[in-house]
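Throughout, read-outs are computed from the coordinates displayed, never taken from laboratory work. Owing to the predicted nature of the structure, the values given are computational and were not obtained by experimental measurement.
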C-alpha cells in the first residue's frame with residue numbers, strides 16, 4: 001500500500017535513510033547524542049491525512065476480503081465433509 005502512495009513512499013524512504021545513517025556509525029558511548037524521549041521528534045513532513053485515510057480504507061477492504069475468502073473456504077470444506 002505504501003509503495004503506491006508517493007508521499008508515504010518518500011516518508012518511509014527518508015526514515016530508512018535516517019536509520020541507515022545512524023546504524024552504520026561506530027561511535028563511542030561518550031560521543032553519542034542524548035535523545036529526549038519526552039520531547040517532539042522531527043522526521044520530516046508526514047503524509048497527508050487523505051493519503052493515510054486512503055491507505056487505511058484499502059487495508060480494511062483487503063482484510064474484509066481475506067476474511068470473506070477464509071469463511072468461504074471453511075464453508076466449502078464443511079460442505080464437502082458432510083457429503
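Starting from the Cα-Cα distance between residue 46 and residue 71, subtract it from 0.36 nm times their residue separation and give me the gain in nm to one decimal.
This chain segment gains 5.3 nm when fully extended.
Expressed in nm to one decimal, what extension gain is obtained for the pair residue 37 and residue 14 from 0.36 nm per residue of sequence separation less their Cα-Cα distance?
Extra length from residue 37 to residue 14 when fully extended: 6.3 nm.
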